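Okay, so here's the structure we're looking at.
The values are calculated or read from the model by the stated rules, or taken from the named source; none is laboratory data. Computed from a predicted model, the values in this text were never measured in an experiment. Positions of Cβ are backbone-derived with ideal geometry, glycine not excepted, and every protein chain shown enters the neighbour counts.
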Amino acid sequence: MSDKPSISREEVANLARLARIDMSESELDHLSSELDVILSAVARVSEVAGEDIPPTSHPLPLLNVFREDVVKASLTAEEALSGAPAKEDGRFKVPQILGEEA
């Protein structure tokens with residue numbers, strides 16, 4: 001691989017055509033320079049990643065915290081609804097939104 005990867009404006013135009021994306025001349029110019037920056041960054045990472053460095057998805061190890069699923073006392077339906085401004089059929093009653101039919 002060369003020191004500085006590059007993508008030509010013609011290659012960007014070809015990729016846009018293959019993806020069926022209409023792009024203006026100024027968009028092609030802008031995107032070719034943007035993609036060139038991205039390719040250069042990927043090349044720099046590739047230079048650093050050696051055989052002795054394991055691939056990772058995160059810089060720090062992830063640890064899931066689990067707890068036992070224990071049933072505990074909770075509110076009854078009546079207690080939960082006791083402070084509600086409106087209730088109907090044992091449920092919270094809220095104003096209708098988005099013009100939905102009841």
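Scanning the range 38-81 for residues that are surrounded by 10 or more Cβ atoms within 10 Å (Cβ to Cβ), farther than 30 Å from S8 by Cβ and out of contact with any Ser or Thr (no Cβ under 9 Å at 6 or more places or on another chain) gives A77, L81. For the range 49-57, state whether one or more residues are part of a loop (DSSP other than H, G, I, E, B) and either modelled with pLDDT of 90 or more or of a type in the set (A, V, I, L, M, F, W, C) (or both). Yes, the range 49-57 has at least one match.
Looking across the range 58-79 at every residue that is in a loop (DSSP other than H, G, I, E, B) and among the charged types (D, E, K, R), the one that is nearest to the chain's Cα centre (by Cα) is identified as R67.
For the range 58-81, the set of residues classified as among the basic types (K, R) and at pLDDT 90 or above consists of K72 only. Annotation: of all residues in the range 7-30 being part of a loop (DSSP other than H, G, I, E, B), closer than 22 Å to A41 by Cβ and among the small types (G, A, S), the one that is modelled with the lowest pLDDT is S8.
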